[in-house]
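The values are calculated or read from the model by the stated rules, or taken from the named source; none is laboratory data. Since the model is a prediction, treat every value here as computed from it, not as a measurement. No Cβ is skipped: glycine too gets one built from the backbone with ideal geometry, and neighbour counts run over all protein chains shown. Quick note on the areas: whole protein, heavy atoms, side chains included, nothing else; ligands and nucleic acids left out. Shrake-Rupley method; radii C 1.70, N 1.55, O 1.52, S 1.80 Å.
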Amino acid sequence: MPKLSLPVRLALLVAGTTLPLIVFAAVLVFNDYEQDRKDASQRVLETVRSIRLVLDAEMQRMTGGLQVLTLTNALRSGDFESFRGIAKGFLDQYGADGVVLVAGRDGRQLFSSAASDTASLSLRNNREIVEKVFATRRPQYSNLFIGVVKQRPIVTVEVPVLRDGDVLYDISFSPPIEIFQAIIDKQRLSQDWTISIFDGDGINFARVPNPQASIGKRASPSLYAEMFRKSEATLQTVSLEGSPLITSFARSSITGWTVAAGIAESSLVGPLWRNLAITSVIGGVLLLTGLAFAVRMATTIARGEMLHALLIEELNHRVKNTLAILQSIAVQTFRSASPAERGKFEGRLGALAEAHNLLSQEKWQGSELQDVVGRVLQPYLLNNPERMRMSGPRVPLAPRLAVVLSMIVHEIATNAAKYGALSNDTGTIRLDWEVIAENGKPQLRLVWTEAGGPHVTAPVQRGFGSRLIERSARDQLGGEATVDFLPHGVVYTVTCALEDER
(Lines give C-alpha, C1' and ligand atoms only; values in the text may rest on other atoms or scores of the structure.)
Protein backbone atom coordinates (compact mmCIF):
# COMPACT_ATOMS: atom_id res chain seq x y z
CA MET A 1 0.00 0.00 0.00
CA PRO A 2 1.53 3.36 -1.02
CA LYS A 3 2.44 5.70 1.79
CA LEU A 4 0.07 8.64 2.12
CA SER A 5 1.47 12.12 1.70
CA LEU A 6 1.74 14.45 4.66
CA PRO A 7 -1.12 16.77 3.52
CA VAL A 8 -3.42 13.77 3.08
CA ARG A 9 -2.51 12.40 6.52
CA LEU A 10 -3.11 15.77 8.20
CA ALA A 11 -6.41 16.18 6.31
CA LEU A 12 -7.50 12.71 7.46
CA LEU A 13 -6.53 13.65 11.02
CA VAL A 14 -8.65 16.80 10.89
CA ALA A 15 -11.56 14.97 9.28
CA GLY A 16 -11.28 12.11 11.75
CA THR A 17 -11.47 14.60 14.61
CA THR A 18 -14.14 16.95 13.25
CA LEU A 19 -16.58 14.55 11.58
CA PRO A 20 -17.29 12.55 14.78
CA LEU A 21 -18.06 15.84 16.53
CA ILE A 22 -20.47 16.81 13.74
CA VAL A 23 -22.14 13.39 13.93
CA PHE A 24 -22.33 13.69 17.73
CA ALA A 25 -23.96 17.13 17.44
CA ALA A 26 -26.44 15.75 14.87
CA VAL A 27 -27.30 12.89 17.22
CA LEU A 28 -27.93 15.40 20.02
CA VAL A 29 -30.21 17.43 17.74
CA PHE A 30 -32.13 14.29 16.75
CA ASN A 31 -32.45 13.26 20.40
CA ASP A 32 -33.83 16.72 21.18
CA TYR A 33 -36.33 16.23 18.35
CA GLU A 34 -37.41 12.87 19.76
CA GLN A 35 -37.83 14.44 23.20
CA ASP A 36 -39.83 17.29 21.65
CA ARG A 37 -42.09 14.71 20.00
CA LYS A 38 -42.69 12.99 23.33
CA ASP A 39 -43.38 16.34 25.02
CA ALA A 40 -45.73 17.36 22.19
CA SER A 41 -47.60 14.04 22.41
CA GLN A 42 -48.05 14.50 26.15
CA ARG A 43 -49.13 18.12 25.68
CA VAL A 44 -51.73 17.11 23.05
CA LEU A 45 -53.13 14.40 25.31
CA GLU A 46 -53.38 16.80 28.26
CA THR A 47 -55.12 19.37 26.04
CA VAL A 48 -57.67 16.77 24.87
CA ARG A 49 -58.41 15.76 28.44
CA SER A 50 -58.84 19.39 29.44
CA ILE A 51 -61.28 20.08 26.58
CA ARG A 52 -63.23 16.92 27.40
CA LEU A 53 -63.58 18.04 31.03
CA VAL A 54 -64.75 21.51 29.97
CA LEU A 55 -67.20 19.97 27.49
CA ASP A 56 -68.55 17.51 30.07
CA ALA A 57 -68.98 20.32 32.61
CA GLU A 58 -70.89 22.43 30.07
CA MET A 59 -73.14 19.54 29.08
CA GLN A 60 -73.85 18.69 32.72
CA ARG A 61 -74.73 22.35 33.31
CA MET A 62 -77.17 22.23 30.39
CA THR A 63 -78.60 18.95 31.63
CA GLY A 64 -78.99 20.33 35.13
CA GLY A 65 -80.82 23.39 33.80
CA LEU A 66 -83.25 21.21 31.84
CA GLN A 67 -83.82 19.00 34.86
CA VAL A 68 -84.78 22.10 36.84
CA LEU A 69 -87.31 22.95 34.10
CA THR A 70 -88.82 19.47 34.35
CA LEU A 71 -89.75 20.19 37.97
CA THR A 72 -91.90 23.22 37.16
CA ASN A 73 -95.68 22.84 37.67
CA ALA A 74 -96.41 24.64 34.41
CA LEU A 75 -94.58 21.94 32.40
CA ARG A 76 -95.98 19.01 34.37
CA SER A 77 -99.53 20.31 34.08
CA GLY A 78 -99.16 21.05 30.35
CA ASP A 79 -99.55 24.82 30.76
CA PHE A 80 -97.10 25.56 27.95
CA GLU A 81 -97.96 29.25 27.74
CA SER A 82 -96.87 29.72 31.33
CA PHE A 83 -93.88 27.50 30.66
CA ARG A 84 -92.74 29.74 27.78
CA GLY A 85 -91.65 32.48 30.13
CA ILE A 86 -89.76 30.02 32.29
CA ALA A 87 -88.02 28.52 29.24
CA LYS A 88 -87.05 31.99 28.06
CA GLY A 89 -85.17 32.58 31.31
CA PHE A 90 -83.21 29.35 30.65
CA LEU A 91 -82.47 30.31 27.02
CA ASP A 92 -81.26 33.81 27.84
CA GLN A 93 -77.98 32.41 29.13
CA TYR A 94 -77.23 30.69 25.77
CA GLY A 95 -78.21 33.31 23.21
CA ALA A 96 -80.90 33.66 20.59
CA ASP A 97 -80.03 30.50 18.62
CA GLY A 98 -80.88 28.08 21.42
CA VAL A 99 -84.21 26.21 21.13
CA VAL A 100 -86.20 24.29 23.74
CA LEU A 101 -88.69 21.67 22.53
CA VAL A 102 -91.14 19.46 24.40
CA ALA A 103 -92.33 16.29 22.67
CA GLY A 104 -94.56 13.37 23.50
CA ARG A 105 -93.79 9.67 23.18
CA ASP A 106 -94.77 9.67 19.50
CA GLY A 107 -92.34 12.50 18.73
CA ARG A 108 -95.02 15.12 18.18
CA GLN A 109 -93.89 18.56 19.33
CA LEU A 110 -96.02 19.99 22.11
CA PHE A 111 -93.95 23.11 22.72
CA SER A 112 -91.26 25.07 20.88
CA SER A 113 -89.52 28.16 22.14
CA ALA A 114 -89.10 29.19 18.52
CA ALA A 115 -92.84 29.12 17.65
CA SER A 116 -95.86 30.43 19.53
CA ASP A 117 -98.44 28.45 17.51
CA THR A 118 -98.26 24.94 18.96
CA ALA A 119 -100.92 23.66 16.58
CA SER A 120 -98.61 24.02 13.59
CA LEU A 121 -95.69 22.14 15.16
CA SER A 122 -94.50 19.06 13.27
CA LEU A 123 -92.99 15.78 14.43
CA ARG A 124 -89.44 15.64 15.74
CA ASN A 125 -86.85 14.76 13.10
CA ASN A 126 -84.84 12.68 15.54
CA ARG A 127 -87.58 10.47 16.97
CA GLU A 128 -85.10 7.66 17.81
CA ILE A 129 -83.63 9.65 20.66
CA VAL A 130 -87.12 10.54 21.93
CA GLU A 131 -87.92 6.85 22.12
CA LYS A 132 -84.62 6.25 23.92
CA VAL A 133 -85.48 8.88 26.54
CA PHE A 134 -88.86 7.25 27.23
CA ALA A 135 -87.25 3.80 27.31
CA THR A 136 -84.30 4.60 29.58
CA ARG A 137 -85.87 7.43 31.63
CA ARG A 138 -82.43 9.05 31.61
CA PRO A 139 -80.89 12.09 29.86
CA GLN A 140 -79.58 11.45 26.32
CA TYR A 141 -77.21 13.32 24.01
CA SER A 142 -77.83 13.18 20.29
CA ASN A 143 -75.56 12.85 17.31
CA LEU A 144 -75.51 15.58 14.69
CA PHE A 145 -78.72 15.83 12.67
CA ILE A 146 -80.82 18.40 10.79
CA GLY A 147 -83.18 20.13 13.21
CA VAL A 148 -86.83 20.53 12.28
CA VAL A 149 -86.91 24.09 13.62
CA LYS A 150 -83.51 25.45 12.61
CA GLN A 151 -83.22 23.35 9.44
CA ARG A 152 -79.49 23.07 9.97
CA PRO A 153 -77.11 20.61 11.73
CA ILE A 154 -77.66 20.55 15.49
CA VAL A 155 -77.00 18.40 18.55
CA THR A 156 -79.49 18.15 21.41
CA VAL A 157 -79.66 17.41 25.11
CA GLU A 158 -82.75 15.30 25.91
CA VAL A 159 -84.14 15.04 29.47
CA PRO A 160 -87.24 13.07 30.58
CA VAL A 161 -90.09 14.87 32.36
CA LEU A 162 -91.23 12.50 35.08
CA ARG A 163 -94.56 12.43 36.92
CA ASP A 164 -95.40 9.72 39.44
CA GLY A 165 -92.42 7.71 38.16
CA ASP A 166 -93.55 7.72 34.54
CA VAL A 167 -92.07 9.66 31.63
CA LEU A 168 -94.59 12.32 30.69
CA TYR A 169 -92.62 14.32 28.10
CA ASP A 170 -89.20 14.63 26.54
CA ILE A 171 -87.73 18.12 26.90
CA SER A 172 -84.98 18.86 24.39
CA PHE A 173 -82.47 21.69 24.14
CA SER A 174 -80.42 22.38 21.02
CA PRO A 175 -77.58 24.73 22.06
CA PRO A 176 -75.97 27.04 19.53
CA ILE A 177 -73.10 25.23 17.79
CA GLU A 178 -71.02 28.35 18.49
CA ILE A 179 -70.83 27.30 22.16
CA PHE A 180 -68.78 24.24 21.24
CA GLN A 181 -66.77 26.22 18.73
CA ALA A 182 -65.88 28.72 21.44
CA ILE A 183 -64.71 25.95 23.77
CA ILE A 184 -62.10 24.65 21.29
CA ASP A 185 -61.13 28.15 20.11
CA LYS A 186 -60.08 29.00 23.66
CA GLN A 187 -58.01 25.80 23.95
CA ARG A 188 -56.17 26.17 20.64
CA LEU A 189 -52.57 27.02 21.51
CA SER A 190 -51.31 28.05 18.04
CA GLN A 191 -52.01 27.86 14.32
CA ASP A 192 -50.26 24.47 14.22
CA TRP A 193 -53.10 22.85 16.18
CA THR A 194 -56.21 21.10 14.84
CA ILE A 195 -59.06 20.47 17.35
CA SER A 196 -62.39 18.78 16.74
CA ILE A 197 -65.46 17.57 18.62
CA PHE A 198 -67.16 14.49 17.10
CA ASP A 199 -70.55 13.01 17.87
CA GLY A 200 -71.09 9.33 18.64
CA ASP A 201 -70.84 8.47 14.92
CA GLY A 202 -67.53 10.30 14.42
CA ILE A 203 -69.06 13.33 12.67
CA ASN A 204 -67.58 16.80 13.17
CA PHE A 205 -69.78 19.43 14.77
CA ALA A 206 -67.07 21.81 16.00
CA ARG A 207 -63.58 22.24 14.59
CA VAL A 208 -60.60 24.53 14.11
CA PRO A 209 -59.40 25.31 11.53
CA ASN A 210 -62.01 25.57 8.72
CA PRO A 211 -65.12 24.97 10.86
CA GLN A 212 -67.66 25.84 8.16
CA ALA A 213 -66.08 23.48 5.62
CA SER A 214 -65.71 20.54 8.01
CA ILE A 215 -68.91 20.51 10.15
CA GLY A 216 -70.97 17.49 9.17
CA LYS A 217 -67.97 15.62 7.77
CA ARG A 218 -66.65 12.38 9.14
CA ALA A 219 -63.26 12.27 10.87
CA SER A 220 -60.26 11.60 8.65
CA PRO A 221 -59.81 7.89 7.83
CA SER A 222 -56.61 7.55 9.87
CA LEU A 223 -58.42 8.85 12.98
CA TYR A 224 -61.85 7.34 12.36
CA ALA A 225 -60.40 3.82 12.26
CA GLU A 226 -59.09 4.18 15.82
CA MET A 227 -61.80 6.28 17.49
CA PHE A 228 -64.10 3.36 18.29
CA ARG A 229 -61.40 0.91 19.39
CA LYS A 230 -60.27 2.81 22.48
CA SER A 231 -61.67 5.52 24.70
CA GLU A 232 -58.35 7.40 24.69
CA ALA A 233 -55.19 7.14 22.56
CA THR A 234 -52.33 9.05 20.92
CA LEU A 235 -51.37 8.29 17.34
CA GLN A 236 -50.17 9.72 14.04
CA THR A 237 -52.93 10.82 11.69
CA VAL A 238 -53.53 12.91 8.59
CA SER A 239 -55.96 15.83 8.84
CA LEU A 240 -58.80 16.53 6.40
CA GLU A 241 -56.45 19.09 4.81
CA GLY A 242 -53.81 16.39 4.28
CA SER A 243 -51.35 17.54 6.98
CA PRO A 244 -49.59 14.89 9.12
CA LEU A 245 -50.50 15.31 12.80
CA ILE A 246 -49.58 13.93 16.20
CA THR A 247 -53.12 13.35 17.47
CA SER A 248 -54.76 12.41 20.78
CA PHE A 249 -58.44 11.72 21.32
CA ALA A 250 -60.62 11.09 24.37
CA ARG A 251 -64.25 9.96 24.42
CA SER A 252 -66.67 11.34 27.00
CA SER A 253 -68.39 8.74 29.15
CA ILE A 254 -71.27 11.21 29.69
CA THR A 255 -72.18 12.23 26.14
CA GLY A 256 -70.40 9.58 24.05
CA TRP A 257 -68.84 12.41 22.06
CA THR A 258 -65.12 12.44 21.25
CA VAL A 259 -62.65 15.30 21.53
CA ALA A 260 -59.58 15.10 19.29
CA ALA A 261 -56.59 17.45 19.02
CA GLY A 262 -53.48 17.27 16.89
CA ILE A 263 -50.28 19.25 16.41
CA ALA A 264 -48.71 19.47 12.97
CA GLU A 265 -45.64 17.28 12.42
CA SER A 266 -44.14 20.15 10.43
CA SER A 267 -43.97 22.28 13.57
CA LEU A 268 -41.56 19.71 15.01
CA VAL A 269 -39.75 18.61 11.84
CA GLY A 270 -39.08 22.21 10.78
CA PRO A 271 -36.92 23.02 13.84
CA LEU A 272 -35.20 19.62 13.42
CA TRP A 273 -34.08 20.40 9.87
CA ARG A 274 -33.18 23.96 10.86
CA ASN A 275 -30.99 22.74 13.74
CA LEU A 276 -29.43 20.05 11.55
CA ALA A 277 -28.70 22.66 8.88
CA ILE A 278 -27.10 24.98 11.44
CA THR A 279 -25.06 22.08 12.85
CA SER A 280 -23.97 21.04 9.35
CA VAL A 281 -22.98 24.58 8.37
CA ILE A 282 -21.00 25.16 11.56
CA GLY A 283 -19.41 21.72 11.26
CA GLY A 284 -18.59 22.33 7.60
CA VAL A 285 -16.97 25.68 8.39
CA LEU A 286 -14.91 24.08 11.16
CA LEU A 287 -13.94 21.21 8.87
CA LEU A 288 -12.89 23.53 6.04
CA THR A 289 -10.98 25.72 8.48
CA GLY A 290 -9.22 22.67 9.89
CA LEU A 291 -8.41 21.37 6.40
CA ALA A 292 -7.03 24.75 5.36
CA PHE A 293 -4.90 24.86 8.51
CA ALA A 294 -3.76 21.26 7.86
CA VAL A 295 -2.74 22.10 4.28
CA ARG A 296 -0.84 25.13 5.48
CA MET A 297 0.92 23.15 8.21
CA ALA A 298 1.66 20.36 5.73
CA THR A 299 3.24 22.87 3.36
CA THR A 300 5.39 24.27 6.16
CA ILE A 301 6.42 20.81 7.36
CA ALA A 302 7.09 19.65 3.79
CA ARG A 303 9.44 22.59 3.30
CA GLY A 304 11.21 21.66 6.52
CA GLU A 305 11.47 18.03 5.45
CA MET A 306 12.78 19.09 2.06
CA LEU A 307 15.45 21.22 3.74
CA HIS A 308 16.25 18.35 6.10
CA ALA A 309 16.57 15.96 3.15
CA LEU A 310 18.87 18.42 1.37
CA LEU A 311 21.04 18.69 4.48
CA ILE A 312 21.22 14.89 4.79
CA GLU A 313 22.16 14.56 1.12
CA GLU A 314 24.80 17.24 1.54
CA LEU A 315 26.17 15.49 4.64
CA ASN A 316 26.15 12.16 2.83
CA HIS A 317 27.95 13.67 -0.12
CA ARG A 318 30.61 15.24 2.08
CA VAL A 319 31.14 12.05 4.10
CA LYS A 320 31.55 10.08 0.87
CA ASN A 321 34.05 12.64 -0.34
CA THR A 322 35.87 12.34 2.99
CA LEU A 323 35.94 8.53 2.69
CA ALA A 324 37.22 8.82 -0.89
CA ILE A 325 39.98 11.18 0.24
CA LEU A 326 40.77 8.83 3.12
CA GLN A 327 40.94 5.90 0.70
CA SER A 328 43.25 7.87 -1.60
CA ILE A 329 45.49 8.75 1.34
CA ALA A 330 45.53 5.11 2.40
CA VAL A 331 46.54 4.04 -1.10
CA GLN A 332 49.40 6.54 -1.04
CA THR A 333 50.35 5.55 2.48
CA PHE A 334 50.23 1.80 1.83
CA ARG A 335 51.94 2.08 -1.57
CA SER A 336 54.71 -0.17 -0.35
CA ALA A 337 52.29 -2.49 1.49
CA SER A 338 51.10 -5.77 0.06
CA PRO A 339 47.85 -5.91 -1.97
CA ALA A 340 46.29 -8.03 0.78
CA GLU A 341 46.87 -5.35 3.39
CA ARG A 342 45.47 -2.64 1.10
CA GLY A 343 42.46 -4.85 0.38
CA LYS A 344 41.73 -5.27 4.09
CA PHE A 345 41.78 -1.57 4.69
CA GLU A 346 39.67 -0.75 1.65
CA GLY A 347 37.16 -3.45 2.62
CA ARG A 348 36.76 -1.93 6.07
CA LEU A 349 36.23 1.50 4.51
CA GLY A 350 33.65 -0.03 2.17
CA ALA A 351 31.74 -1.60 5.07
CA LEU A 352 31.76 1.75 6.84
CA ALA A 353 30.47 3.45 3.67
CA GLU A 354 27.66 0.89 3.26
CA ALA A 355 26.53 1.44 6.84
CA HIS A 356 26.57 5.20 6.22
CA ASN A 357 24.50 4.80 3.03
CA LEU A 358 21.89 2.73 4.86
CA LEU A 359 21.61 5.27 7.68
CA SER A 360 21.36 8.13 5.18
CA GLN A 361 18.41 6.42 3.50
CA GLU A 362 16.67 6.21 6.89
CA LYS A 363 17.35 9.91 7.65
CA TRP A 364 19.77 8.86 10.42
CA GLN A 365 16.85 7.59 12.48
CA GLY A 366 18.38 4.14 12.84
CA SER A 367 17.97 0.93 10.83
CA GLU A 368 17.00 -2.72 11.10
CA LEU A 369 19.60 -5.35 12.07
CA GLN A 370 18.67 -7.54 9.10
CA ASP A 371 19.21 -4.64 6.69
CA VAL A 372 22.61 -3.86 8.22
CA VAL A 373 23.74 -7.50 8.03
CA GLY A 374 22.32 -7.90 4.52
CA ARG A 375 24.26 -4.89 3.24
CA VAL A 376 27.55 -6.21 4.66
CA LEU A 377 27.08 -9.81 3.43
CA GLN A 378 25.64 -8.90 0.03
CA PRO A 379 28.92 -9.64 -1.88
CA TYR A 380 28.95 -13.19 -0.44
CA LEU A 381 25.31 -13.85 -1.32
CA LEU A 382 25.57 -13.04 -5.01
CA ASN A 383 26.99 -16.35 -6.29
CA ASN A 384 25.33 -18.83 -3.93
CA PRO A 385 22.82 -17.31 -1.50
CA GLU A 386 21.84 -20.76 -0.22
CA ARG A 387 25.16 -21.08 1.61
CA MET A 388 24.15 -18.48 4.15
CA ARG A 389 21.08 -18.59 6.45
CA MET A 390 19.94 -15.71 8.66
CA SER A 391 17.17 -15.79 11.23
CA GLY A 392 16.06 -13.64 14.15
CA PRO A 393 13.43 -11.17 15.27
CA ARG A 394 13.00 -7.61 14.07
CA VAL A 395 15.59 -5.51 15.93
CA PRO A 396 15.84 -1.73 15.37
CA LEU A 397 19.36 -0.37 15.81
CA ALA A 398 20.50 3.09 16.80
CA PRO A 399 22.90 4.74 14.28
CA ARG A 400 26.09 4.16 16.32
CA LEU A 401 25.19 0.52 16.99
CA ALA A 402 24.45 -0.04 13.30
CA VAL A 403 27.88 1.29 12.24
CA VAL A 404 29.85 -0.75 14.79
CA LEU A 405 27.95 -3.99 14.10
CA SER A 406 28.48 -3.56 10.36
CA MET A 407 32.27 -3.36 10.99
CA ILE A 408 32.19 -6.46 13.25
CA VAL A 409 30.16 -8.55 10.76
CA HIS A 410 32.45 -7.40 7.94
CA GLU A 411 35.54 -8.62 9.82
CA ILE A 412 33.91 -11.98 10.65
CA ALA A 413 32.83 -12.47 7.00
CA THR A 414 36.31 -11.51 5.74
CA ASN A 415 37.89 -14.14 7.99
CA ALA A 416 35.39 -16.74 6.78
CA ALA A 417 36.19 -15.91 3.16
CA LYS A 418 39.92 -16.26 3.76
CA TYR A 419 40.19 -19.14 6.19
CA GLY A 420 36.75 -20.47 7.02
CA ALA A 421 33.51 -21.77 5.50
CA LEU A 422 33.42 -19.23 2.68
CA SER A 423 36.92 -20.16 1.47
CA ASN A 424 35.70 -23.31 -0.35
CA ASP A 425 32.62 -24.41 -2.32
CA THR A 426 30.97 -26.53 0.38
CA GLY A 427 31.03 -24.41 3.52
CA THR A 428 27.87 -22.88 5.00
CA ILE A 429 27.15 -20.04 7.39
CA ARG A 430 24.29 -19.70 9.85
CA LEU A 431 23.73 -16.31 11.46
CA ASP A 432 21.20 -16.22 14.33
CA TRP A 433 20.29 -13.41 16.70
CA GLU A 434 17.94 -12.91 19.61
CA VAL A 435 17.05 -10.29 22.19
CA ILE A 436 17.66 -11.36 25.80
CA ALA A 437 17.20 -9.65 29.16
CA GLU A 438 20.30 -8.96 31.22
CA ASN A 439 19.76 -7.24 34.58
CA GLY A 440 16.35 -6.09 33.39
CA LYS A 441 17.79 -4.47 30.23
CA PRO A 442 17.47 -5.76 26.65
CA GLN A 443 20.61 -7.12 25.01
CA LEU A 444 21.31 -8.38 21.52
CA ARG A 445 23.08 -11.71 21.12
CA LEU A 446 24.38 -12.55 17.65
CA VAL A 447 25.82 -16.03 16.87
CA TRP A 448 27.84 -16.74 13.70
CA THR A 449 28.24 -20.50 13.09
CA GLU A 450 30.40 -21.97 10.30
CA ALA A 451 30.27 -25.54 8.94
CA GLY A 452 31.70 -27.45 6.01
CA GLY A 453 34.83 -25.37 5.71
CA PRO A 454 38.51 -26.42 6.05
CA HIS A 455 39.62 -28.18 9.22
CA VAL A 456 39.84 -25.63 12.02
CA THR A 457 42.86 -25.10 14.25
CA ALA A 458 43.27 -22.30 16.75
CA PRO A 459 45.74 -19.63 15.52
CA VAL A 460 48.99 -19.16 17.40
CA GLN A 461 48.48 -15.39 17.59
CA ARG A 462 45.57 -13.09 16.94
CA GLY A 463 45.52 -10.76 13.96
CA PHE A 464 44.31 -7.18 13.67
CA GLY A 465 40.81 -8.28 12.58
CA SER A 466 40.25 -10.40 15.69
CA ARG A 467 41.41 -7.60 17.93
CA LEU A 468 39.13 -5.15 16.06
CA ILE A 469 36.11 -7.41 16.69
CA GLU A 470 36.83 -7.80 20.42
CA ARG A 471 37.67 -4.15 21.08
CA SER A 472 34.69 -2.81 19.10
CA ALA A 473 32.28 -5.02 21.04
CA ARG A 474 33.86 -4.16 24.39
CA ASP A 475 34.79 -0.49 24.07
CA GLN A 476 32.08 0.87 21.74
CA LEU A 477 29.12 -1.40 22.43
CA GLY A 478 29.63 -2.20 26.11
CA GLY A 479 29.40 -5.92 25.35
CA GLU A 480 31.76 -8.70 24.40
CA ALA A 481 32.76 -10.85 21.44
CA THR A 482 34.02 -14.43 21.79
CA VAL A 483 35.27 -16.97 19.25
CA ASP A 484 35.31 -20.78 19.57
CA PHE A 485 37.48 -22.78 17.19
CA LEU A 486 35.53 -26.03 16.93
CA PRO A 487 36.60 -28.89 14.62
CA HIS A 488 33.55 -28.47 12.35
CA GLY A 489 33.88 -24.69 12.14
CA VAL A 490 34.34 -21.38 13.92
CA VAL A 491 31.57 -19.93 16.16
CA TYR A 492 31.51 -16.21 16.91
CA THR A 493 29.25 -14.87 19.67
CA VAL A 494 28.68 -11.11 20.00
CA THR A 495 26.55 -9.50 22.71
CA CYS A 496 25.75 -5.80 23.19
CA ALA A 497 23.21 -3.54 24.90
CA LEU A 498 20.21 -2.25 22.94
CA GLU A 499 19.71 1.04 24.79
CA ASP A 500 18.55 3.91 22.59
CA GLU A 501 21.13 6.57 21.84
CA ARG A 502 19.83 9.98 22.81
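Yes or no, residue by residue, for (1) out of contact with any strand residue (DSSP E or B) (no Cβ under 8 Å at 6 or more places or on another chain); (2) open to solvent by 40 Å² or more (accessible area, probe 1.4 Å); (3) under 24 Å from A115 (Cβ atoms):
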| position | (1), (2), (3) |
| --- | --- |
| A11 | yes, no, no |
| T18 | yes, no, no |
| N31 | yes, yes, no |
| R49 | no, yes, no |
| E58 | yes, no, no |
| D97 | yes, yes, yes |
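So which residues in the stretch 423-461 are charged (D, E, K, R) and out of contact with any strand residue (DSSP E or B) (no Cβ under 9 Å at 6 or more places or on another chain)?
D425
Under 9 Å between Cβ atoms, at least 6 apart or on separate chains: pull out the pairs that start in the stretch 217-235 with a residue that is on the phi < 0 side of the Ramachandran plot and end on any residue that is open to solvent by 40 Å² or more (accessible area, probe 1.4 Å) and β-branched (V, I, T).
From residues that are on the phi < 0 side of the Ramachandran plot, the pairs are S220/V238; P221/V238; S222/V238; L223/V238.
Tell me, yes or no, whether the stretch 72-80 has at least one residue that is in contact with a Phe, Trp or Tyr (Cβ under 7 Å, 6 or more places away or on another chain), over 28 Å from E265 (Cα atoms) and not in a helix (DSSP H, G or I).
Looking through the stretch 72-80, at least one residue is in contact with a Phe, Trp or Tyr (Cβ under 7 Å, 6 or more places away or on another chain), over 28 Å from E265 (Cα atoms) and not in a helix (DSSP H, G or I).
Determine if the stretch 404-414 includes at least one residue that is open to solvent by 30 Å² or more (accessible area, probe 1.4 Å), part of a strand (DSSP E or B) and either out of contact with any helix residue (DSSP H, G or I) (no Cβ under 9 Å at 6 or more places or on another chain) or under 23 Å from D371 (Cα atoms) (or both).
Checking the stretch 404-414: not a single residue is open to solvent by 30 Å² or more (accessible area, probe 1.4 Å), part of a strand (DSSP E or B) and either out of contact with any helix residue (DSSP H, G or I) (no Cβ under 9 Å at 6 or more places or on another chain) or under 23 Å from D371 (Cα atoms) (or both).
Of all residues in the stretch 376-398 being part of a helix (DSSP H, G or I) and open to solvent by 30 Å² or more (accessible area, probe 1.4 Å), which is modelled with the lowest pLDDT?
Per the stated criteria, the residue is L381.
Looking at the stretch 423-440 only, could you name the residues that are among the charged types (D, E, K, R), assigned to a strand (DSSP E or B) and modelled with pLDDT under 85?
E438, the sole residue that qualifies.
Could you grab me the full set of residues in the stretch 187-203 that are surrounded by 15 or more Cβ atoms within 10 Å (Cβ to Cβ) and within 19 Å of A264 (Cα to Cα)?
Residues satisfying the conditions are Q187, R188, D192, W193, T194, I195, S196, I197.
Applying the selection to the stretch 479-498, what residues are surrounded by 15 or more Cβ atoms within 10 Å (Cβ to Cβ), without any contact (Cβ under 8 Å) to a residue 40 or more places away in the chain and assigned to a strand (DSSP E or B)?
Correct list: V483 only.
Show the residue pairs meeting these rules: Cβ distance below 8 Å; 6+ apart or different chains; first residue within the stretch 187-203 and over 12 Å from V44 (Cβ atoms); second residue of a type in the set (K, R) and outside any strand (DSSP E or B).
I203/K217
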